[in-house]
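One structure is given here, and the rest of the page talks about it.
What follows draws every value from the coordinates through simple rules; no lab data is involved. Remember, it's a predicted structure, so these values are computed and weren't measured experimentally. A quick note on method: Cβ atoms are made from the backbone with ideal geometry, for glycine too, and the neighbour counts reach across all protein chains shown.
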Amino acid sequence: MALKIQATPPAVPPIDIGISEKDRTALAEGLQQLLSDTATLYLKTHNFHWNVTGPMFQTLHQMFETQYNELWQAEDEIAERIRALGVPVVASNGEWSQLSAVPEEKGVPDATEMVRRLVRDHETVVRTARKLFVVADSANDESTADLLTQRLQIHEKTAWMLRSLLA
């Protein structure tokens, strides 16, 4: 039996997941903002892990490692949701820094200031995720809403734990 060789590949079927193209685009734009915030926070947390010093070194070093590992995993989940919506993922530090509401870190603050900045930044990510809920709800996108719920829980808990170190 001879193999059939196609001169041109078959057309890719259109995405038909019950969410309009307009809504998929709006969702992907919001998720890209969330991804940019997450990537910037990942880099900052990893930076703090490497550079923390002082009496709380061991505690903060380990805490920051746990946090940046979680953020790294989150980047993948968010990016894969963007792709499932049929939109390419923006994945460069330059583009992320332009989209992110989380400021990039310059220099090395002391340990207490690291914790303060991470509290602020986790709460920034919470606000980004919360804004996207409106879009997910109006598009009946339970998958994105579930992802947002998970991200909210993690960032709110992390901000609480970090804030507790400052009390």
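Could you list, in sequence order, all residues of the stretch 75-113 that are more than 12 Å from the chain's Cα centre (by Cα), under 22 Å from Gln62 (Cα atoms) and part of a helix (DSSP H, G or I)?
Ala111, Thr112, Glu113
Could you check the stretch 20-61 and list, in sequence order, the residues that are assigned to a helix (DSSP H, G or I) and among the β-branched types (Val, Ile, Thr)?
Thr25, Thr38, Thr40, Thr45, Thr59 - these are the residues of the stretch 20-61 that are assigned to a helix (DSSP H, G or I) and among the β-branched types (Val, Ile, Thr).
Among the candidates Thr128, Thr144, Thr158, Thr124, single out the residue that is surrounded by fewer than 21 Cβ atoms within 10 Å (Cβ to Cβ), of a type outside the set (D, E, K, R), at negative phi and part of a helix (DSSP H, G or I). Walk me through how you get there before you give the answer.
Working: Thr128 fails: surrounded by fewer than 21 Cβ atoms within 10 Å (Cβ to Cβ); Thr144 fails: surrounded by fewer than 21 Cβ atoms within 10 Å (Cβ to Cβ); Thr158 fails: surrounded by fewer than 21 Cβ atoms within 10 Å (Cβ to Cβ).
Testing whether each residue is surrounded by fewer than 21 Cβ atoms within 10 Å (Cβ to Cβ), of a type outside the set (D, E, K, R), at negative phi and part of a helix (DSSP H, G or I) leaves just Thr124.
Residues in the stretch 93-108: is at least one more than 17 Å from Tyr42 (Cβ to Cβ) and in contact with a Gly (Cβ under 7 Å, 6 or more places away or on another chain)?
Checked against the condition, which is being more than 17 Å from Tyr42 (Cβ to Cβ) and in contact with a Gly (Cβ under 7 Å, 6 or more places away or on another chain), the stretch 93-108 yields no hits at all.
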